[in-house]
Amino acid sequence: MLLLWRVLQFYGRFFLSFTAIGHSVRSLLWKALEADFTGQTWLVTGASGGIGKAVALAAAHAGARVIIAGRSAEKLEAVVREAGPDLDITAETADLSLMREVATLVDRLAGQKIDVLVNNVGVLLNRHSLTDEGHETSFATNILGHYLLTEKLLEAGSLGPGSAVINMSSGGMHNAPLVLEPMNAMTPERFNGVAAYAMHKRAMAVLTDHWQAQHGELRFYLTHPGWVDTDGVKTSLPTFRKLLKWVLRDADQGADTALWLAARRPEPKPETVWFDRAARPAHAFKRTRASKHAPVDLVAFLDGATRKRR
């Protein structure tokens with residue numbers, strides 16, 4: 001009964017806001033985003049489709065040089081072909097669930113300043129699996145890889161004063177507090193894909209605030225795209241999509257706030273998720289505030305995981 005109540009509470013609270021209905025209503029008050037990213041270099045992960053692709057194409061149209069990263073060379077090259085010769089988009093193939101490939105990607109980017117990093121890649125898996133480095137696959141993809149990529153770019157000086165890091169979140173984070181070991185379920189019996197995804201997104205919220213506190217000369221943002229009709233939703237949440245397809249956002253709507261943040265660079269705010277061009281509370285329910293872990297515990301946990309398997 002408690003689970004049913006939480007499901008009803010969640011969907012009742014966010015249905016109008018997170019769907020295309022909320023975007024359509026709020027956007028009536030927005031001015032057109034006339035962004036100019038000329039001279040900037042962007043790195044967008046998970047850009048072979050969906051929100052990442054929409055961000056990459058829009059940034060390139062606004063003058064940015066965009067590097068798109070993902071594991072499928074074929075899909076990435078399809079995006080490059082779609083962009084055509086007039087847009088500056090290049091592809092870097094890397095499986096971001098594997099820490100060795102994340103490290104190699106950073107090595108290949110050595111010497112390049114990244115003006116905007118969009119940590120977008122994410123998966124919601126219905127079946128348990130481990131990477132060949134010994135991490136649960138969604139944990140490695142959704143949080144560990146982002147952590148290592150961002151840390152190594154900071155260490156290399158590729159991210160520096162004036163850079164912005166935009167971390168893609170999800171409404172699912174409103175269902176989870178910060179936890180550590182349960183994020184990386186090592187056995188099928190302990191794995192729940194939806195719960196894992198929520199935990200990873202909550203961890204990303206905490207990590208965003210940590211990075212901002214440590215690197216005040218940069219801008220770190222957590223953004224929520226709303227409920228978007230992506231390929232991931234089609235495969236991982238078929239019932240959800242079947243019921244709500246008529247009101248799900250498209251990829252461009254999902255990408256809007258990330259692009260707005262990169263263009264406007266508002267002052268970061270702690271415990272905030274940027275949604276539909278405004279700062280919203282990172283906690284919607286009291287239960288997600290209850291955690292025995294501090295941000296330094298999360299960093300130590302992730303640092304230990306990356307060092308162990310690299």
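The values are calculated or read from the model by the stated rules, or taken from the named source; none is laboratory data. Source: prediction; values computed, not measured. Reconstructed Cβ throughout: ideal geometry from the backbone, glycine too, with neighbour counts over all protein chains shown.
Of everything in region 86-100, what is assigned to a loop (DSSP other than H, G, I, E, B) and more than 18 Å from Ala58 (Cβ to Cβ)? Give them in sequence order. Step through it out loud before you land on a result.
Let us first name the residues in region 86-100 that are assigned to a loop (DSSP other than H, G, I, E, B), namely 86-88, 94-98.
Across region 86-100, the qualifying residues are Ala94, Asp95, Leu96, Ser97, Leu98.
Any idea which of Gly39, Gly63, Gly46, Gly84 is on the phi > 0 side of the Ramachandran plot and touching a Ser or Thr at 6+ places or on another chain (Cβ under 8 Å)?
On the way: Gly39 fails: touching a Ser or Thr at 6+ places or on another chain (Cβ under 8 Å); Gly46 fails: touching a Ser or Thr at 6+ places or on another chain (Cβ under 8 Å); Gly84 fails: touching a Ser or Thr at 6+ places or on another chain (Cβ under 8 Å).
Sole residue among the options that is on the phi > 0 side of the Ramachandran plot and touching a Ser or Thr at 6+ places or on another chain (Cβ under 8 Å): Gly63.
Looking at region 101-138, which of its residues are in contact with a Gly (Cβ under 9 Å, 6 or more places away or on another chain) and in a helix (DSSP H, G or I)?
Within region 101-138, Glu101, Val102, Ser138 qualify.
In region 24-52, what residues are assigned to a helix (DSSP H, G or I) and within 26 Å of Ala195 (Cα to Cα)? Steps first, please.
At the first step, the residues of region 24-52 found to be assigned to a helix (DSSP H, G or I) are 24-27, 50-52.
Result: Gly50, Ile51, Gly52.
Which residues, counting only those in region 265-300, are of a type in the set (Ser, Thr, Tyr) and either part of a loop (DSSP other than H, G, I, E, B) or exposed (fewer than 12 other Cβ atoms within 10 Å of the Cβ) (or both)? Before the answer, list the steps.
Initially, region 265-300 is screened for residues of a type in the set (Ser, Thr, Tyr), giving 272, 288, 291.
Selection gives Ser291 alone.
Scanning for something at pLDDT 95 or above, under 24 Å from Asp115 (Cα atoms), in contact with a Ser or Thr (Cβ under 9 Å, 6 or more places away or on another chain) and among the charged types (D, E, K, R), does region 262-278 turn up at least one residue?
Yes, region 262-278 has at least one match.
Testing Arg81 on (1) surrounded by 13 or more Cβ atoms within 10 Å (Cβ to Cβ); (2) of a type outside the set (Ser, Thr, Tyr); (3) not in a loop (DSSP other than H, G, I, E, B), one condition comes back false. Which one is that?
Failed condition: (1).
Just to verify a result, which residue in region 197-237, among those that are in contact with a strand residue (DSSP E or B) (Cβ under 7 Å, 6 or more places away or on another chain) and part of a helix (DSSP H, G or I), is surrounded by the most Cβ atoms within 10 Å (Cβ to Cβ)?
Thr208
Looking at Thr208, Thr187, Thr223, which one is among the hydroxyl-bearing types (Ser, Thr, Tyr), closer than 21 Å to Thr19 by Cα and modelled with pLDDT of 95 or more? Outline the logic, then answer.
Details: Thr208 fails: closer than 21 Å to Thr19 by Cα; Thr187 fails: closer than 21 Å to Thr19 by Cα.
None of the others qualify; the one that does is Thr223.
Only one of (1) crowded, with 18+ Cβ neighbours inside 10 Å; (2) at pLDDT 95 or above; (3) more than 13 Å from the chain's Cα centre (by Cα) is not met by His174, so which one is it?
Every listed condition holds for His174 apart from (2).
Which condition does Asp303 not pass, out of (1) part of a helix (DSSP H, G or I); (2) over 21 Å from Gly122 (Cα atoms), if it passes all the others?
Of everything listed in (1) part of a helix (DSSP H, G or I); (2) over 21 Å from Gly122 (Cα atoms), Asp303 misses just condition (2).
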